[in-house]
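**Student:** Take a look at the following structure, please.
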Amino acid sequence: MTRTTNKRINWILPAVLAVSVVLAFFISLFVGSSKMSLADSIAALAHRSTPAYERIIWNIRLPRVLAALIAGAGLAVAGLIMQTCLGNVMASPSTLGVSNAAVFGANLSLIALSGGFLTLGTNATDAVRQADPFAVSAIAFIFAIASVLLVLALCRLRSFSPNTVILAGVAIGAIWTAATTILQYHATDVGLSAAVIWSFGDLGRATYTQDYIMLAVVGACSIVFFALSWRFNALLGGDEAAHAVGVNVRLLRLVGLLLSSLITAVCVSFLGIIGFVGIICPHIVKRIVGSNHCISIPSTLLLGCLLLLVTDTVSRSVGGGTALPVGAITSLLGAPFFLAMLFTAKERG
Amino acid sequence: MLEIRDLTFGYNKNKPVLNHLSLELPEGKIGVLLGKNGAGKSTLFRCLLGLTKCSGSIVFEGKDLAKMKRIDRAKTIAYVPQQIHFGDLTVYDCVMVARLAHFGLAAGSEDRRVVDQVLLDMGLYDLRNENVSRLSGGERQKVAIARALAQEAKLLVFDEPTGNLDVSNEQLFYRLIKDVAAKRNLTILVAVHNLQFALSIGDVYYMMIDGKVRYSGDAGVVNADTIRDVYGIQAKIIKINGINHVIYGGISHEQNT
């Protein structure tokens, strides 16, 4: 792989990714456990099929595929911005402990506050599905955002020094994890199962309303990130160098961390934890086109869409009628590919 | 003219890092800061950039740098740090970053024209699409100068910029600084460790001890006595073919004891 980049190659990647995302979108829409033929799927999409098929396409598959597109893009770009803001390749969308806080909030709702579902049955998966998704998600989101604000407020005392942010995120995350463990220890079997299943990333939970909310957040944040591309480029040279070219480093870092965490909080609250997208996508993109955020932000958004679409399609295809947790499939497929890339790439000159 | 008056800064009141430091650097001249590690050179640069709040005043071309907006300061003063990182960018993008204060969100045709011209001037145009992490140390240093020039600031400050360069690249670097200063009428303040190179580039010398300028003047101010006082070492300046050479001796008696 060459590390030499030029303008032509730089724009090839987003173009290829955009075409791949469109293809993957339709493949994902037409693949599922209902054994619908391609013709049936297309007819259903055009509202020219049976009501059952139309419901499958419009009410089940489309919200799920849209969730994969939006959450994949959001988590990937959140990871990229976290890595830039913290100058750390290990930074991820959850570095500020957002996911741990969201999991605690969801656990609190499902176990302690009953989430409005406990009377509905004893099957934990059904319980999660039948719980008022907004009640659980809203509480998860409130905790996630509260946690982010707490970490950032603490880090303000140290001028958002990257190491302080990372360590504060780890420490606050550990507190949420401990609190979750205590909650789960006292939970009923059903409550515990529901809470554990909630934490698995599941795109099947997504509704159109949730998709629109995620789209609004991911879209708005991505536009802000793209507008700040050159400032993020300046930050790659270190705080002093960025300041010297006119960047308000503290404000940039605050905005980057806050918006990345907001994206993560929304996605995790609605869908559960989907790991690795936020680490693997930025790394792959940076290895191919370098770190110029004008190119890497759109490329990472598109690669995130593609990765989650493909892994969700796989998770629905190999589960024998039941979709496997997409978060697990993302890591299972992504990690070996990532390792291969890491160890086969030429050493930096 | 860069006028620094009574600059004072310290983490501890009893031991200020900058102690009523004053200096004057005429427009279009190269000022060289000399002094041991910890003499306050890097802190002075941080004050110039507005990264550290100091008491006293810093005035350049009649304008108080401390009162300038961040963007205006970036158009006035460009900075090359001790450790230069660029991230995983192309040479072109590295230099374009310097135009940020001029373009705000997206580069325009004027920014591209300036960057192209600077790359041509610095002999980097053919490397413009190369990833900067693949360049040699000397080439990277050239990129650092190109970046400072693209900022179109009239005052350039370099904080010991050749720390990790070999002798030939160090010489090349200082020759480039001298050339661009003359060609573009830039005022340059540079902290230098190597006295030999320092003597070959400067117009005005400032020798610092404990956060203040102890000696200042033309190259003549750097002599055996001042070197002993500032660095605590024995040295001799010998002129061969019109060029000053520094011959180092041992650590002086006062320093040793």
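**Student:** Give me the dipole magnitude in Debye, nearest 20, for chain A about the Cα centre, with unit charges on the beta carbon: positive for Lys and Arg, negative for Asp and Glu.
**Tutor:** For this selection, approximately 860 debye.
**Student:** Here is a further query. Whole angstrom only: what separates the Cα centroid of the range A:131-198 from the Cα centroid of the range A:252-330?
**Tutor:** Cα centroid to Cα centroid, the span is 20 Å.
**Student:** Working with all protein chains in place, sort A:T164, A:T264 by solvent-accessible area computed with a 1.4 Å probe, largest first.
**Tutor:** The ranking, largest first, comes out as A:T164, A:T264.
**Student:** Considering only protein heavy atoms, with the full assembly of protein chains and a 1.4 angstrom probe, order A:M82, B:M68 by accessible area, largest first.
**Tutor:** B:M68, A:M82
**Student:** Go through the range B:42-79 and flag every residue whose accessible area shrinks by 40 Å² or more with all protein chains in place compared to the isolated chain (probe 1.4 Å).
**Tutor:** By number: B:L51, B:R70, B:Y79.
**Student:** Can you list the equivalent-ellipsoid semi-axes of the range B:129-250, largest first and in whole Å, using the square root of 5 times each Cα gyration tensor eigenvalue?
**Tutor:** 28, 17, 14
**Student:** Further question on the same structure: Please report the relative contact order for chain B, taking Cα pairs under 8 Å with a sequence separation of at least 6, and give it as a percent rounded to a whole number.
**Tutor:** RCO, chain B: 25 percent.
**Student:** Which value in deg cm²/dmol, rounded to the nearest 500, describes the helix-derived mean residue ellipticity at 222 nm for the protein assembly as shown, given -39,500 (n - 2.57) per DSSP H run of n ≥ 4 and division by the residue count?
**Tutor:** -18000 deg cm²/dmol
**Student:** Per residue, how much accessible area does the range A:197-349 show when a 1.4 Å probe rolls over the protein heavy atoms, in square angstrom?
**Tutor:** Heavy-atom accessible area per residue stands at 35 Å².
**Student:** With r as the distance between the Cβ atoms of A:Y212 and A:I27 and R0 = 25 Å, compute the FRET efficiency 1/(1 + (r/R0)^6) and round to 0.05.
**Tutor:** About 0.60, to the nearest 0.05.
**Student:** Still on this structure, please answer the following. Could you pull out every residue, at least 5 positions away or on a different chain, whose amide H is within less than 5 Å of the one on B:T52? Hs are placed 1.01 Å off N in the peptide plane, and Pro or chain starts have none.
**Tutor:** Excluding prolines and chain starts, which carry no amide H, the hits are B:C47.
**Student:** I would also like to ask the following. Within 10 Å of each Cβ in peptide B:99-105, how many partner chain Cβ atoms are there on average? Round it to a whole number, please.
**Tutor:** 4
**Student:** Go through the range A:222-254 and flag every residue whose accessible area shrinks by 30 Å² or more with all protein chains in place compared to the isolated chain (probe 1.4 Å).
**Tutor:** A:A227, A:W230, A:R231, A:L236, A:G237, A:E240, A:A241, A:H243, A:A244, A:V245, A:G246, A:N248
**Student:** If you check each cysteine of the protein assembly as shown for another cysteine whose beta-carbon is under 4.7 Å away, which ones come up empty?
**Tutor:** Within the protein assembly as shown, the cysteines lacking a partner Cβ under 4.7 Å are A:C85, A:C155, A:C221, A:C267, A:C281, A:C294, A:C305, B:C94.
**Student:** Return the average number of partner chain Cβ atoms within 10 angstrom of each residue Cβ along peptide A:290-299.
**Tutor:** Rounded to a whole number, the mean comes out at 3.
**Student:** Using the Cα centre of the range A:149-260 as the reference point, and only Cβ charges (+1 on K/R, -1 on D/E), how large is the resulting charge dipole? Debye, rounded to the nearest 20.
**Tutor:** The calculated dipole for the range A:149-260 is roughly 360 debye.
**Student:** Below 12 angstrom from the Cβ of A:L236, what's the summed charge of the other residues (Lys, Arg +1; Asp, Glu -1)?
**Tutor:** That sum, taken over residues with Cβ under 12 Å, equals -1.
**Student:** Using only protein heavy atoms and a 1.4 Å probe, how much accessible area in total is buried between B and A, to the nearest 100 Å²?
**Tutor:** 2800
**Student:** Taking N as the number of residues in the protein assembly as shown, what is its Cα Rg relative to 2.2 N^0.38 Å?
**Tutor:** The value comes to 1.17.
**Student:** Among A:T177, A:T209, A:T95, whose mean-square fluctuation peaks in a Gaussian network model of chain A (Cα, cutoff 10 Å)?
**Tutor:** Evaluated over chain A, the most mobile residue of the options is A:T209.
The values are calculated or read from the model by the stated rules, or taken from the named source; none is laboratory data. Bear in mind the structure is a predicted one, so any value in this text is a computation, not a measurement. Note that we place each Cβ from the backbone using ideal geometry, even for glycine, and neighbour counts take in every protein chain shown. Each accessible area value is taken on the protein alone, full model and side chains, heavy atoms only, with ligands, DNA and RNA left out. Shrake-Rupley method; radii C 1.70, N 1.55, O 1.52, S 1.80 Å.
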